[in-house]
Ligand code: SF4
């Protein structure tokens, strides 16, 4: 890979970071706990989206001990709307395990033992909160490293690219100040060396950048894109005597355990009740493009329908005044709010 003057690179990066970094709550009065929470929330979520969640979380769960002693229901409720709920569950489990440890886990190997902690998160926690000389390689850092070295090969996914660039990340790591170095790299990727619009003219390390020199920054890194998959889901919105019908996801479900959703319509209404489409919603999850058609019944539910619901596992009626106390995944919360206002 490219040979750059590492000392100069580190110095220019650091000077830029000290002057320009965003003031974020986990950077003022930093702590191990704040670093862990911020790293979990930032997996898959943009800073601006997670900031209000972070401050609310810190108010309710100020440390590992409080989090460990809280119920999963409370934890999920605080995560509602952030998505990827396994992060909340893993963070909760991590806190429970952390408080039982007789000594402070300090190494990457120690942190890899915790649920939800992969190589990236372990390196981030140990370098940022514990000053260990570990290089953090996330999507932002991969982009910078690929551009610095003008690497045009295509990677099958982020993990493959991460493995490829990790040795180079260690090569340019500032071992005397890994905390600040890693944060500076991530900040550079988030604010200057962005995916669609790299601002090379404002970049503190542009003199070391091969992609800029060759005019190919925008096309790098090359990550293989999975083919888009289109899906259609049919759901029900049924209110009966001020109770809304919801389904509760099984506790062993990988993604949405113990969360509530508008129930899937297919089996339930087929051949039983006339139903009418009230709204269609579109959303994307990774490479899936999902159309969710939400139906209501055209007449009041009859006895056989109510009996069928009673016998169905996972279906439950929640009084409209109690809706805010259950945890709905983000889109379902929006749909329920919108439909209850529209149809009331
Ligand atoms: Fe990224 Fe441009 Fe800086 Fe290179 S010069 S690291 S492409 S912002």
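Could you check region 158-179 and list, in sequence order, the residues that are more than 20 Å from residue 5 (Cβ to Cβ) and buried (at least 16 other Cβ atoms within 10 Å of the Cβ)?
Passing the criteria: 161, 162, 164, 166, 179.
Being within 15 Å of the ligand (Cβ to nearest atom), over 28 Å from residue 97 (Cβ atoms), assigned to a loop (DSSP other than H, G, I, E, B) and at pLDDT below 95: is that true of residue 190 here?
Working: within 15 Å of the ligand (Cβ to nearest atom): yes; over 28 Å from residue 97 (Cβ atoms): yes; assigned to a loop (DSSP other than H, G, I, E, B): no; at pLDDT below 95: yes.
Taking the combined requirement at face value, the residue does not satisfy it.
Being under 18 Å from residue 168 (Cα atoms), within 23 Å of the chain's Cα centre (by Cα) and either within 9 Å of the ligand (Cβ to nearest atom) or crowded, with 19+ Cβ neighbours inside 10 Å (or both) is the filter here; which residues of region 193-235 pass it?
If the condition is that a residue be under 18 Å from residue 168 (Cα atoms), within 23 Å of the chain's Cα centre (by Cα) and either within 9 Å of the ligand (Cβ to nearest atom) or crowded, with 19+ Cβ neighbours inside 10 Å (or both), then 193, 221 are the ones that fit.
Given (1) in contact (Cβ under 8 Å) with a residue 40 or more places away in the chain; (2) more than 12 Å from the ligand (Cβ to nearest atom); (3) surrounded by 19 or more Cβ atoms within 10 Å (Cβ to Cβ), where does residue 147 come up short, assuming only one miss?
Unmet condition: (2).
Please go through region 195-226 and give me each residue that is in a loop (DSSP other than H, G, I, E, B) and more than 13 Å from residue 148 (Cα to Cα), ordered by number.
195, 196, 197, 199, 224, 225, 226
Going by what's in this entry, would residue 182 be described as crowded, with 21+ Cβ neighbours inside 10 Å, away from the ligand (no atom under 13 Å from the Cβ) and either within 19 Å of the chain's Cα centre (by Cα) or assigned to a helix (DSSP H, G or I) (or both)? Show your work before the answer.
Numbers: crowded, with 21+ Cβ neighbours inside 10 Å: yes; away from the ligand (no atom under 13 Å from the Cβ): yes; either within 19 Å of the chain's Cα centre (by Cα) or assigned to a helix (DSSP H, G or I) (or both): yes.
Spelling it out, residue 182 is indeed crowded, with 21+ Cβ neighbours inside 10 Å, away from the ligand (no atom under 13 Å from the Cβ) and either within 19 Å of the chain's Cα centre (by Cα) or assigned to a helix (DSSP H, G or I) (or both).
Collect the residues in region 308-342 that are part of a helix (DSSP H, G or I), surrounded by 11 or more Cβ atoms within 10 Å (Cβ to Cβ) and more than 30 Å from the chain's Cα centre (by Cα), keeping them in residue-number order.
If the condition is that a residue be part of a helix (DSSP H, G or I), surrounded by 11 or more Cβ atoms within 10 Å (Cβ to Cβ) and more than 30 Å from the chain's Cα centre (by Cα), then 308, 309 are the ones that fit.
Quick one: would you say residue 107 is touching a helix residue (DSSP H, G or I) at 6+ places or on another chain (Cβ under 7 Å) and without any contact (Cβ under 8 Å) to a residue 60 or more places away in the chain?
Details: touching a helix residue (DSSP H, G or I) at 6+ places or on another chain (Cβ under 7 Å): yes; without any contact (Cβ under 8 Å) to a residue 60 or more places away in the chain: yes.
The answer is yes for residue 107.
Would you mind telling me which numbered condition in (1) farther than 17 Å from residue 258 by Cβ; (2) surrounded by fewer than 14 Cβ atoms within 10 Å (Cβ to Cβ); (3) without any contact (Cβ under 8 Å) to a residue 24 or more places away in the chain residue 122 fails?
Failed condition: (2).
Taking the stated definitions as given, is residue 141 within 16 Å of the ligand (Cβ to nearest atom) and surrounded by 15 or more Cβ atoms within 10 Å (Cβ to Cβ)? Break it down into steps so the answer makes sense when it comes.
Working: within 16 Å of the ligand (Cβ to nearest atom): yes; surrounded by 15 or more Cβ atoms within 10 Å (Cβ to Cβ): yes.
Here the answer is yes, as residue 141 does meet what is asked.
Among the listed residues 94, 82, 58, identify the single one that is at pLDDT below 95 and either in contact with a helix residue (DSSP H, G or I) (Cβ under 8 Å, 6 or more places away or on another chain) or assigned to a loop (DSSP other than H, G, I, E, B) (or both).
Details: 94 fails: at pLDDT below 95; 58 fails: at pLDDT below 95.
Matching residue, one of 94, 82, 58: 82.
Which residues, taken from region 323-344, are out of contact with any strand residue (DSSP E or B) (no Cβ under 9 Å at 6 or more places or on another chain) and free of Cβ contacts under 8 Å to residues at least 24 places away in the same chain?
Correct list: 324, 337, 341.
Tell me which residues, restricted to region 97-113, are part of a helix (DSSP H, G or I) and either on the phi > 0 side of the Ramachandran plot or crowded, with 17+ Cβ neighbours inside 10 Å (or both). Quick ask: steps written out before the conclusion?
First pass over region 97-113, keeping only residues part of a helix (DSSP H, G or I): 97-98, 108-112.
Passing the criteria: 98, 108, 110, 111.
Answer yes or no: is there a residue in region 3-12 that is in contact (Cβ under 8 Å) with a residue 40 or more places away in the chain, outside any helix (DSSP H, G or I) and in contact with a helix residue (DSSP H, G or I) (Cβ under 6 Å, 6 or more places away or on another chain).
yes
The values are calculated or read from the model by the stated rules, or taken from the named source; none is laboratory data. All of these numbers come straight from a predicted model, not from anything done at the bench. All Cβ positions, even for glycine, are placed from backbone atoms using ideal geometry, and neighbour counts span all protein chains on display.
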